[in-house]
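Asker: Got a structure for you, written out below as structure tokens; questions coming shortly.
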């Protein structure tokens, strides 16, 4: 290596001697590294580099100290009162308390403590209960049992006096109310604890009592509700007569034939300063109801929406009424006491009556009105055939639910209908369809309902179905709720509870141009008549006919 270096150095030296320039671009072998030079001056600041990526989120710091509590805000409005809770059971009776100290002496009558004997008696604090009677007073201890004889409790603040139950009343009629007038309710003044009254007009109202005294307009007085009333003229009556209320509040011995017939008093003594026994009970019937005297002609009239039966008039004598079992004309049915139950809402009649007559007699004799109820079967739960079945389709403007859409010829089997125990026996049941369309087509839609029915424990099975038809035309409004019901002539007669009714619903052609909108069947229902809450028995005999 050293020989090569010497050779190169010689060549360079020779060229310099010859006046030649050194060889250009010839790099010699690198010599050893020189010593580190001094640090140069600081250069200018470079341009700002690009923003680096966001680093990971640091750990959550420790919570700071709780701040000072703010000022309390104004209270909000009071909420509505909640529903009253169910009343709790009555608690057990507490233990009997200890016997109290002897009571203080009460003074009854006109005596005063100035009587020397009375003063001595009080000073002695006689521990023995009893009665001390100075000349004009009676002393009774509170813990003594004593009879009060010839003492007056008659005051409007008392509900009773010796012979009657009476009430505090106020005359609101605009005219003087004489003593002995039958009074009707006209309001209640709670601040004065008084019933506001007017003379009773039996054509439109019933009396609640009889005035004990003359009562001026706007003034207070007493009214007897039950008991003996004395001090007014009964000379026009006969002792033992029953008195009724007439149209002006006066008492009469003649029973009214219109309005309310209200027996309110019994004549005890018939004289100028007479007495009556008052009992202001409400009447059991209107004056138009039948009353029996020695001979009364009765016309039997049974009626409902479809049955009208008028029987020829029959004559019943008083002796025959006392023994109905001996009088049974060929064209009349006599109801005996044993045939009629105590409950007017579940009247038990003899088994000789047919279901229609039984239902009509319930309607005629019960004060409960005949009501309409529903048996319901939604079509969305109906059974579907293998072919010609309606399809579940979006229903309503929002399309959030699905109902069954019927094309002509589609049919289904709604769930069976169970006849309830609240039916009015022999009443009508009218089948109907609830339906709708999704458009404005006004062509009619016709439905066929095939019905087969069978009583519980019947000797025969379900018969072949009978077809009923309903048809209606929708208006030009989409999604209307339409009900198509059979006529009353096609109504079913409900004989007894627990009957099952099977229905097949089919959409059929209307015989012309059928509606082209989507036609939705919603429910099949029966409207039926009801007047009772249930039956006497849960199985046949439901009404106790044979009881």
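The values are calculated or read from the model by the stated rules, or taken from the named source; none is laboratory data. All figures in this text were calculated on a predicted structure; none of them were measured in a lab. Reconstructed Cβ throughout: ideal geometry from the backbone, glycine too, with neighbour counts over all protein chains shown.
Asker: Residues in segment 491-499: is at least one surrounded by fewer than 18 Cβ atoms within 10 Å (Cβ to Cβ), out of contact with any helix residue (DSSP H, G or I) (no Cβ under 8 Å at 6 or more places or on another chain) and at negative phi?
Answerer: The answer is no; no qualifying residue exists.
Asker: Applying the selection to segment 246-280, what residues are part of a loop (DSSP other than H, G, I, E, B) and surrounded by 14 or more Cβ atoms within 10 Å (Cβ to Cβ)?
Answerer: Listed by number, the residues that qualify are 246, 247, 249, 250, 256, 259, 261, 262, 270, 280.
Asker: Related question: Please go through segment 504-522 and give me each residue that is more than 14 Å from residue 470 (Cα to Cα) and either within 27 Å of the chain's Cα centre (by Cα) or not in a loop (DSSP other than H, G, I, E, B) (or both), ordered by number.
Answerer: 519, 520, 522
Asker: While we're here: Any idea which residue in segment 180-199 is farthest from residue 251 (Cα to Cα), counting only those that are at pLDDT below 90 and in a loop (DSSP other than H, G, I, E, B)?
Answerer: 191
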